[in-house]
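The values are calculated or read from the model by the stated rules, or taken from the named source; none is laboratory data. From a predicted model like this one, the values you see are computed outputs, not experimental measurements. Every residue, glycine as well, gets a Cβ built from its backbone with ideal geometry; the counts of neighbours run over all protein chains shown. Surface accessibility is based on the protein's heavy atoms, side chains included, excluding ligands, DNA and RNA. Shrake-Rupley method; radii C 1.70, N 1.55, O 1.52, S 1.80 Å.
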Amino acid sequence: MKKYIKYLIVVILMIATGGCKKDLDLQNKSAFTYDTYFTSDAAINQAVIASYATLLHTGLWAREWYYIFDLLGYDAKNAQPLQGDLLALAQYNFAPNQPQLDAMWSSLYRLIMRSNVVINRAQAWKPANTTEQANQKQYIAEAKFLRAYAYFNLVNLYGRVPLRKEYIPLPTPDQINLPRAATADIWAFVEQDLKDAETDLPVSYPTASFGRATRGTAVALLGKSYLYEKKWSDAVTELTKLTQAPFSYSLAAQYNDLFDDPNQNDPGKNPETIFQVMNQAWTDWGIGNQYAPFGGQETWGGKATHSARAQEYGFNDWNNTFITTTAVKAFTYTNPQTNATYVDPRAAYTFYGNAASGGETQYCQQCSTGPAAFPYATTGYKYLKYEYYNKVASYGGPQSGINGQVIRYADVLLMLAEAYIQQGNTGSQPLALINQVRSRPSVNAPLYSSLGGQSAAMAILMRERQLELTGEQSRYFDLIRWGIAKQTINTERQTEDGTQPFQDKNILLPIPFSEKNANPNVAKDISGDWN
């Protein structure tokens with residue numbers, strides 16, 4: 001009997017074991033995969049939103065972006081509280097392991113990867129109706145714009161970089177370890193992405209989708225790309241489109257509406273924005289954890305859609321930076337009509353200072369306590385742009401809702417004027433464009449009657465871009481593409497702090513060690529651990 005019981009136990013165990021193995025092989029029908037998740041309009045839209053979200057990841061617009069390019073372009077300089085890695089940026093004393101630059105590189109490629117996923121899955125998706133067919137084209141176009149934006153920055157900042165054109169779910173080592181592409185190939189890829197995006201993006205969106213890339217966004221970045229490539233005629237053709245129907249961009253009547261959170265999401269009050277990085281009001285996102293810009297992503301502390309800039313630059317808060325004296329002095333120049341010394345009205349919208357500088361001398365104009373005098377007028381100048389000290393005496397946390405301006409109409413008008421001037425045309429067309437920017441109602445700077453020769457016209461254009469775009473991360477890119485970064489930065493720094501930190505190698509940023517260590521084909525193509 002015991003013998004039979006023993007055999008019976010063995011048989012039961014074998015059956016049970018076989019049954020368990022069969023159960024372990026069952027697939028979870030509710031689990032999503034790369035092939036099964038992105039099969040609906042809602043899912044593809046979520047992937048597009050996740051791509052936009054990358055703009056608020058480390059190294060980009062939520063935090064590091066403004067530090068990197070305000071400091072390197074000498075629109076800002078360090079105050080005493082700024083230490084460590086950020087201080088190294090201010091002193092041009094950084095290496096390929098610079099954390100902020102490494103984060104920027106990683107996030108730009110994350111933006112490319114997510115955009116590639118959207119394009120791959122949206123192309124495989126089978127829309128059920130004409131509305132979904134239109135959405136399919138839009139989603140792909142948005143992803144192509146975002147991918148082009150990432151490569152536009154990479155090619156300008158680093159030159160030759162790996163060109164990842166598609167998402168491959170199971171890549172081979174050769175597909176992972178791509179070599180650096182020629183800059184001409186990267187620019188051609190950017191141009192084609194933007195041409196495709198221009199074809200399929202809508203001119204505008206319903207209010208709920210305000211902030212997504214539009215047709216005008218693609219036109220603006222394509223025209224800007226042509227300008228940076230010195231394709232002047234193509235830049236004129238492309239940028240001129242934005243001054244005509246179906247587009248209706250115009251200069252905001254109040255300059256500060258561009259940097260004020262109640263008005264920036266109202267097209268009626270802000271008809272100037274062409275593309276901005278949205279904060280707080282972006283689609284279905286909430287503000288999330290206020291410290292997310294300091295290292296977190298969507299999954300860290302909740303979704304975070306805000307900037308830390310107001311808190312970090314704020315004179316009554318972390319007080320990490322000054323606006324440079326060089327930038328402040330640029331607002332004082334010769335009146336083109338009277339030849340007298342003139343202070344540009346945009347100074348009062350850009351920085352806090354003393355009356356002689358033209359800067360704003362009061363803050364807290366809308367506080368219950370009433371206006372207060374700017375308390376540091378004798379020790380330096382502080383940024384007003386992207387601040388809201390007109391409403392509060394201090395912020396209490398790094399959670400500004402002021403959007404980041406990426407491309408706006410004044411920038412387009414000045415780029416268009418430059419494209420004319422670079423071709424030797426200094427006549428009525430560029431003159432009218434520059435004067436249009438100067439005659440904004442809240443500015444009303446005296447107009448130029450002529451621009452003079454090409455050299456004089458470029459000098460006027462350069463100053464106009466500096467005054468209009470100070471603190472908007474534009475000047476570094478301008479100085480580099482004009483080929484005057486080293487001489488300009490070193491001259492200004494020598495005057496202001498006795499240093500000449502810009503070296504020849506700084507024309508391009510260093511390829512991060514993280515990329516070199518991960519990609520042998522990039523590593524063998526880097527000279528001197530830089531670029």
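Please compute the modelled spin-label separation between SER439 and GLN175, points set 7 Å along Cα→Cβ, answer in nm with one decimal.
5.7 nm
What does the helix-only formula give at 222 nm for the chain: each DSSP H stretch with n ≥ 4 adding -39500 (n - 2.57), the total divided by the residues, and the result rounded to the nearest 500 deg cm²/dmol?
-14000 deg cm²/dmol
Return the carbon/sulfur percentage of the accessible area of the chain, one whole number, probe 1.4 Å, all protein chains in place.
53 percent
Kirkwood Rh over alpha-carbon pairs of region 207-287, then Stokes-Einstein at 37 °C and 0.692 mPa s: what D in µm² s⁻¹, rounded to an integer?
Answer from the Stokes-Einstein relation: 236 µm²/s.
Please report, for the Cα atoms of region 19-168, the Rg to one decimal and the Dmax as a whole number; what are they, in angstrom?
Every Cα atom of region 19-168 included, Rg and Dmax give 20.5, 70 Å.
Is the shape of region 92-148 best called rounded, prolate or oblate, per the rule: a/c under 1.5 gives rounded, else a/b larger than b/c gives prolate, else oblate, with a ≥ b ≥ c the square roots of the Cα gyration tensor eigenvalues?
It comes out prolate by the Cα gyration axes.
Let's test the formula: R0 of 30 Å, r as the Cβ-Cβ distance of ALA393 and PHE294. What FRET efficiency results, to the nearest 0.05?
0.80
Amide H of ILE274 versus every other amide H placed in the peptide plane: which residues, excluding those fewer than 5 positions away on the same chain, fall under 5 Å?
ILE407, ARG408, TYR409
Please list, ordered by chain and number, the residues whose modelled amide H lies under 5 Å from the amide H of PHE351; skip anything fewer than 5 residues away on the same chain.
Result for PHE351 returns GLU360, LEU384, LYS385.
Out of all DSSP beta bridges in the chain, what portion is antiparallel? Express it as a percent rounded to 5.
Of the beta bridges lying entirely in the chain, close to 95 percent run antiparallel.
How much area per residue is accessible in the chain when the probe is 1.4 Å and only protein heavy atoms are counted (Å²)?
With the other protein chains kept in place, the chain gives 42 Å² per residue.
Based on the alpha-carbon gyration tensor of region 307-366, what equivalent-ellipsoid semi-axes (square roots of 5 times the eigenvalues) come out, in whole Å, largest first?
Equivalent-ellipsoid dimensions as semi-axes: 26, 12, 9 Å.
Direction-averaged shadow area of the convex hull around the Cα atoms of the chain, nm²?
Computing the convex hull of the Cα atoms and averaging its projections yields 32.8 nm².
Let me have the relative contact order for the chain, percent, based on Cα pairs under 8 Å that are six or more residues apart.
Here the relative contact order equals 17 percent.
Any chance you could list the semi-axes, whole Å, largest first, of the equivalent ellipsoid that the Cα gyration tensor gives for region 403-531, using √(5λ)?
Numbers: eigenvalues 245, 59, 47 Å².
Working from the Cα gyration tensor, I get semi-axes of 35, 17, 15 Å.
Would you list the P(r) distribution for region 132-264, with all Cα-Cα distances sorted into 10 Å bins from 0 and each bin expressed as a whole %?
Taking all Cα pairs of region 132-264, the binned fractions are 11, 33, 34, 17, 4, 0 percent.
Say each of THR499 and THR361 gets a label point 7 Å from the Cα, pointing the same way as Cα to Cβ; how far apart are those two points in nm?
3.3 nm
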